[in-house]
Every structure is written in structure tokens, then in C-alpha cells.
Amino acid sequence: MIKDLVNDEAILSQPCVAATAEDAPLAQDLLDTLASLEDAVCLAANQIGVAKAVVVYVDDNEQPHVMYNPKLIQFMGPFEATEGCLSLDEESTSTRYQLIRVAYQEEQNGKMLSRVKKYSGFTAQAIQHAI
């Protein structure tokens, strides 16, 4: 289901709790909402008002992906990036990394499977923004 985006920084800054397989409907809401937004490449659960560690992003091939409980575990090649955010009016500048390694979980048939994957370029930047 497509959800409204949250712009309240008090809500956006709340710590997110770990997600579980029961959060699959939340992941689908994020995918639906992301697909409804023109030129959007990533979205986090707190941006639709849910303080859970779930993010979705679109890769370089425009394919959507879901990450539960993502953690940036390795990063190389820092650069300064000026980015817009769907939930904020102003652009901001952040340090991002050209190459990252992320540990996350993936829900399959009601079970959480651990994954570790490397990302680079624009996909890496989008994932870092969402996390």
C-alpha cells in the first residue's frame, strides 16, 4: 500500500528497532511507496512513520531490493555528496563511500536469511543514504 511520507524530523530521528520476518508487509508498503514516487531511488521505514530497520532501494538496473537490519561493515573511497531527501526540503552534504560492504537480512518464506554484499557507485550511495 502506498503510504504518505513523513517530514517531521522528530519522527525521522528516532532510533529504529530491529525488523523481523513479520515486517514483510512493511517492506511491501515501502516498495509500493517507492514505486509511486518519480525519480526516487531509496526509502527507509521511518520515512513512512515506522521506526523499524527496513530500507528499500533501486539498483543501477532499476530493480527494487529490500534490506532488513542493514549495517555498513566496510567502506572505501570517501567523497562528499550533496543529496536531496524525500522527507526533507533542503539538500544536505554528507560523506559517502565509493565501495561499501553491507550486512543485512532478507526475508524468504517467513525466515530471515543473513547476507553480506558489496556495492559500488550510485547504488552504494543510495544504500548509504537509506541506512
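If you go through segment 101-110 one residue at a time, do you hit one that is of a type outside the set (Asp, Glu), farther than 25 Å from residue 13 by Cβ and in contact (Cβ under 8 Å) with a residue 60 or more places away in the chain? Checked segment 101-110: at least one residue is of a type outside the set (Asp, Glu), farther than 25 Å from residue 13 by Cβ and in contact (Cβ under 8 Å) with a residue 60 or more places away in the chain. Do the conditions hold for residue 32, that is, is it open to solvent by less than 70 Å² (accessible area, probe 1.4 Å) and in contact with a Ser or Thr (Cβ under 7 Å, 6 or more places away or on another chain)? In short, no. Just so you know, in segment 32-73 the residues that are of a type in the set (Asp, Glu) and without any contact (Cβ under 8 Å) to a residue 24 or more places away in the chain include one that is nearest to residue 111 (Cα to Cα), and it is 62. For segment 8-20, which residues satisfy the criterion of being more than 12 Å from residue 53 (Cα to Cα), open to solvent by 80 Å² or more (accessible area, probe 1.4 Å) and either not acidic (Asp, Glu) or not in a helix (DSSP H, G or I) (or both)? 13 - this is the single residue of segment 8-20 that is more than 12 Å from residue 53 (Cα to Cα), open to solvent by 80 Å² or more (accessible area, probe 1.4 Å) and either not acidic (Asp, Glu) or not in a helix (DSSP H, G or I) (or both). Among the residues of segment 100-131, the one identified as under 14 Å from residue 74 (Cβ atoms), crowded, with 18+ Cβ neighbours inside 10 Å and among the small types (Gly, Ala, Ser) is 124. Filtering 80, 91 for residues that are more than 21 Å from residue 3 (Cα to Cα), open to solvent by 50 Å² or more (accessible area, probe 1.4 Å), free of Cβ contacts under 8 Å to residues at least 60 places away in the same chain and touching an Asp or Glu at 6+ places or on another chain (Cβ under 8 Å) leaves a single hit, 91. Taking the criterion of being more than 12 Å from the chain's Cα centre (by Cα) and open to solvent by less than 60 Å² (accessible area, probe 1.4 Å), the residues of segment 49-77 that qualify are 49, 50, 51, 77. Here the strands (runs of 3 or more DSSP E) wholly within segment 21-131 that include at least 1 residues being hydroxyl-bearing (Ser, Thr, Tyr) and in contact with a Gly (Cβ under 9 Å, 6 or more places away or on another chain) are 88-108, 111-120.
The values are calculated or read from the model by the stated rules, or taken from the named source; none is laboratory data. Here the structure is a predicted model, which is why all the values come from computation and not from measurement. Don't worry about glycine lacking a Cβ; one is built from the backbone with ideal geometry, like all the others, and counts go over all protein chains shown. Quick note on the areas: whole protein, heavy atoms, side chains included, nothing else; ligands and nucleic acids left out. Shrake-Rupley method; radii C 1.70, N 1.55, O 1.52, S 1.80 Å.
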